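Asks: Handing you a structure now.
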Amino acid sequence: SMEMKDSGSVVLTAYHQHSPARMAAMEQSFGQELAAGHSPSSRKSLPRCRRVNRMLSNESAPPPPAFSRSNSQASMDSTSMEDFWCEVESIKESREDGAEEASLVEFKPADEGELEAEWLQDVGLSTLISGAEEQDGQALLSTLSRTQAAAVQRRYNTYTQTLRKKNKQTVRDVRDIFGTRDSAPPYETVPVAPLPSNGLQLPGQKALWKPVSSSSCLDCGLDQGSPAVTEELSYEVSFSEAITVLPKAQEWPKTQRFKKEDSALPRFIVRKSRFGLTEVGDLSPEDLKKIRYLSLIELTAFYDALGLELKRNRAERVRPRENGLFGVPLAILLENDQKKVPGIKVPLIFQKLLLKLEETGLETEGILRVPGSASRVKNLHQELEVKFYEETFDWEQVRNNDVAGLLKMFIRELPSPLFTLEYLPAFITLVEKIPKIKLQLQALHLLIMLLPEANRDTAKAFLQFLKKVVANEGKNKMSLWNVSMIVAPNLFIYKGKGANQQAMQAAATTAHVVRLLIRYQDILWTVPSFLISQVRKMNEAAMTNSKRQLMFDKGVRKLLRRKTMERERPERPEGAVTFPPYLQPDIPEGVIRVYAPLHSKVSMAIQLNSQTKAKDILARFHWENSRGSSHDIRGQIQSLHEIGGNIGQHCLDPDAYMLDVYRANPQAEWVIKPKAS
């Protein structure tokens, strides 16, 4: 045996005597068999993956015909792909055995202009298509950054040009939408095509990536050792606006080369602003919907700034299963489970599979990689469908590798992929098209923000489990790269009618995407502060528009009522001042009243200063509550919430500086209550 090495590309320990070129050719032959539908597993004399091992060891076998390798294959030594292709074969076996059902989603082609129309609807700008004066659409447009507005303008122009060609209807002029009639465009548009090697420097912009300077931050790096690079992330400026210099032409390699060592991944630090950090679960569903609108606009602007096309799948959905455990859409599965456990966010069966593996399987050598018995997994699958909700299923009898097989089967059988069918191409091409890890991470961050709630919560639980698997590498022999190679085909090789050899080969590069998801998950679940600022502006604009509309609708009646009240009201002294509600004389500037329904002292006026943090207010209430209170709130995680004003509901970071938050939203109410799980 020997260990093969090369200059930085991904390799695993290999036991063979062939050259890398011979190995790559054999791997391609194996991959073509899978993609063509001729599974090596159909040769009943060969157990799972023995076909690969024989190809590695059979020196007398003639070389396969010449082929053209894909980017993902050329980027890494073929022996590093053995785990990947063995997992692909295992997946194919389960489908051939009938353990997994056919796809419930079919791809459909797009007519000219339909993609742009769907994009405008998906970002909450259907008003541009219908022509209606919708307040939400107007509020959204008023908050966009320069690059975001350019992205919207570009899609709307394409849409209107298509309509004019088809002579369907008269469309609004883009200058009317963006409130300008100047002959010059209101925005400095960002080129779509890749720029020359000298790049483009936009005036007045600062780089997003800065050296590390302090310690108050979210740190996502290595658990041991020192990575080659440590970089700071800032969320104060939108990602698309922060691209001041595009990567040079020579920095866009035709072939991405990945290093499997953990130290190859940079250590990223997110510096907390004075508002603290906000996780996706800290915002109300209404505000999260707006975050998704803005994230899609920002992701599109980000790709535009890089000169890339953001590709999306279009799918025609077929009626899904509504009962059972496997092959049921996450939303329906959760709806059924919430009847048993109100408020649950991750399907019960998925939680149980993760819990079982966390309790007994984290130290199992080869967990996730070593497959369970296909027949046992199939039988367990059928038994679970009958006994799980009856709570008569015997979990003690199940082997860890079989539980891992059920876990992967659950993910594969979802009618739509965990990371959504629509954006699957964006995940797959993210690594191939974006050259630097920091830019990949930004794109990945926005894609995570786009996930529906059920997908996001389930993906979060899954990635947290995978992080625990990697943390036990010393005993289970599963490194971050090993886990990524096994998980990638389960997440990104879709079983629908659109799946083909090219998609299967491209999915190999998504092992790197899975690695980023696991390593930087703590960053990915935080909401960039520039998006929250835009939501605040959007809510303020909507409130202003709503007040104007209300005044218009009730104009005459309100005027008459005011005149009547003025006749009956005593005259105010000359020089009297009317305060807005949040600045009434009994509540001075910089003082907030905090409510705590579960505490003995249910409210308290707090004088804020520049150093007051949310955790200081929590500590004050906790101290008051401990003084002979009959209320027992032990075991409950209490958080300070910002409610109303220009935000729906916002669970504040304990390190948030309250005077800054107060000034950003002086009309808010402040409530201490348990944080949503």
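Asks: Could you check the simple spin-label distance between Arg399 and Lys477, using points 7 Å along Cα→Cβ, in nm with one decimal?
Replies: 1.6
Asks: For Arg314 and Ile637, compute 0.36 nm times the residue count separating them, minus their Cα-Cα distance, and round to one decimal in nm.
Replies: Details: separation 323, 0.36 × 323 = 116.28 nm, distance 4.21 nm.
In short, 112.1 nm is gained.
Asks: Taking R0 as 60 Å, what FRET efficiency do you get between Ser626 and Ser375 from their Cβ-Cβ distance, rounded to the nearest 0.05? Walk me through the intermediate numbers first.
Replies: On the way: r = 59 Å, r/R0 = 0.98.
For Ser626 and Ser375, the calculated efficiency is 0.55.
Asks: For Glu335, Glu241, write out the residues from largest to smallest accessible area, computed with a 1.4 angstrom probe and no ligands counted.
Replies: Details: Glu335 105, Glu241 15 Å².
Reading off the accessible areas and sorting them downward yields Glu335, Glu241.
Asks: Pulled fully out, how much extra length does the chain show between Glu335 and Lys436, if you take 0.36 nm times their separation in residues and subtract their Cα-Cα distance? Before the final figure, lay out the partial values.
Replies: Working: separation 101, 0.36 × 101 = 36.36 nm, distance 4.01 nm.
Residue separation times 0.36 nm, minus the Cα-Cα distance, leaves 32.3 nm.
Asks: Could you check the spin-label model distance between Glu385 and Thr360? Points 7 Å from the Cα along Cα→Cβ, value in nm.
Replies: Going by the 7 Å Cα→Cβ label model, 2.4 nm.
Asks: Past 32 Å, Cα to Cα, is the threshold; run Lys345/Lys378; Lys289/Lys673; Lys166/Lys537 against it and keep the listed order.
Replies: On the way: Lys345/Lys378 27 Å; Lys289/Lys673 23 Å; Lys166/Lys537 37 Å.
From Lys345/Lys378; Lys289/Lys673; Lys166/Lys537, over 32 Å: Lys166/Lys537.
Asks: Could I ask something else about it? Give the calculated FRET efficiency between Asn323 and Lys289 to the nearest 0.05, with a Förster radius of 25 Å applied to their Cβ-Cβ distance. List each step's numbers first, then the result.
Replies: Working: r = 29 Å, r/R0 = 1.14.
My answer for the efficiency is 0.30.
Asks: Would you compute, for the Cα atoms of region 587-676, the largest minus smallest coordinate along each principal axis and list the three values in descending order, in whole Å?
Replies: Result for region 587-676: principal-axis Cα extents of 35, 26, 21 Å.
Asks: What is the spread of the Cα atoms of region 271-368 along each of their three principal axes, largest first, in whole Å?
Replies: 46, 41, 34
Asks: Can you work out the base-10 log of I(q)/I(0) for region 404-467 at q = 0.28 1/Å, using the Debye formula on its C-alpha atoms alone?
Replies: Computed log10 I(q)/I(0) values: -1.26.
Asks: Put +1 on the Cβ of every Lys and Arg and -1 on every Asp and Glu Cβ in region 587-676; which of Ala656, Ser600, Thr612 then has its Cα farthest towards the positive end of the dipole?
Replies: The residue sitting farthest along the positive end of the dipole is Ser600.
Asks: Roughly what would the spin-label model give for Lys601 and Lys165, points 7 Å off Cα along C-beta, in nm?
Replies: 6.9
Asks: Which residues' amide hydrogens lie under 5 Å from the amide hydrogen of Asp653, considering only partners 5 or more residues apart or on another chain, with H built in the peptide plane?
Replies: Leu277
The values are calculated or read from the model by the stated rules, or taken from the named source; none is laboratory data. Treat the numbers as computed from the prediction; the structure is a model and nothing was measured. Neighbour counts run over all protein chains shown; Cβ positions are idealised from the backbone, glycine included. Remember, those area values only see protein heavy atoms, side chains included, never the ligands or the DNA or RNA. Shrake-Rupley method; radii C 1.70, N 1.55, O 1.52, S 1.80 Å.
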